[in-house]
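Asks: Structure in structure tokens, see below.
The values are calculated or read from the model by the stated rules, or taken from the named source; none is laboratory data. Being a predicted model, the structure only gives us computed values, none of them experimental.
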Amino acid sequence: MILGRRVRAYLYRKDQYDRIVAGVYVRRPPFFFPRKDVGLELLRQGLATTYEAKTGVEFGGPMKERQYKAVEAVARQKGRGMWSVEKPGFFSLRKKGELESPMAFKRRMREEDAAAAAAVAAAAGAAKPVSGKKPETPVAAAAAAAVAAGTKAAVKAAAIAKAAARTATATGKKAGKK
């Protein structure tokens with residue numbers, strides 16, 4: 001029981017990351033009332049979105065998938081929950097926005113990371129001495145290039161590279177060498 005309600009999860013399968021994919025239902029006392037699909041209610045209120053990359057079993061079958069997508073479309077059209085971002089405000093006082101789906105976000109992050117990695121690799125490969133001084137290690141060159149590239153992923157890579165260099169020098173080894 002959670003908050004005085006009986007909760008039941010119907011397990012569909014485990015995904016490739018060993019997570020459980022399930023449908024969750026709740027009932028309120030008295031228990032002869034029909035159960036409510038928690039995922040469907042979240043979609044109806046605009047608090048969730050359907051997973052775009054997979055179909056079928058992740059939703060409990062093709063019929064359930066069609067139902068989820070239809071309910072999500074209605075919530076989006078009515079501007080409920082997170083979909084209110086896409087609706088202009090009262091008398092158009094608020095600008096209409098665009099909601100980025102989880103799949104689009106993941107795609108954008110992959111592209112940014114790939115671009116940052118390419119910039120770091122290109123800069124590290126063509127690292128020139130700064131004021132006549134050659135970077136001590138490839139890690140230092142990559143860190144300098146990452147900071148110069150300026151993207152979030154590159155700056156994060158630079159921080160990791162600097163930490164690796166500090167760890168390597170603390171243990172007495174030169175970073176980038178075995």
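Asks: Taking into account only those residues within segment 84-128 that are among the charged types (D, E, K, R) and modelled with pLDDT of 80 or more, which is nearest to the chain's Cα centre (by Cα)?
Replies: Start the filter on segment 84-128 by keeping residues that are among the charged types (D, E, K, R), which leaves 86-87, 94-96, 98, 100, 106-108, 110-113, 128.
Subset that is modelled with pLDDT of 80 or more: 100, 106-108, 110-113.
Working: Glu100: 11, Lys106: 5, Arg107: 9, Arg108: 10, Arg110: 10, Glu111: 13, Glu112: 13, Asp113: 13 Å.
Only one residue tops the list, namely Lys106.
Asks: Now a separate question. Filter segment 1-26 down to residues that are modelled with pLDDT of 85 or more and in a loop (DSSP other than H, G, I, E, B) and give me whichever is farthest from Gly39 (Cα to Cα).
Replies: Going through the qualifying residues, I end up with Asp18.
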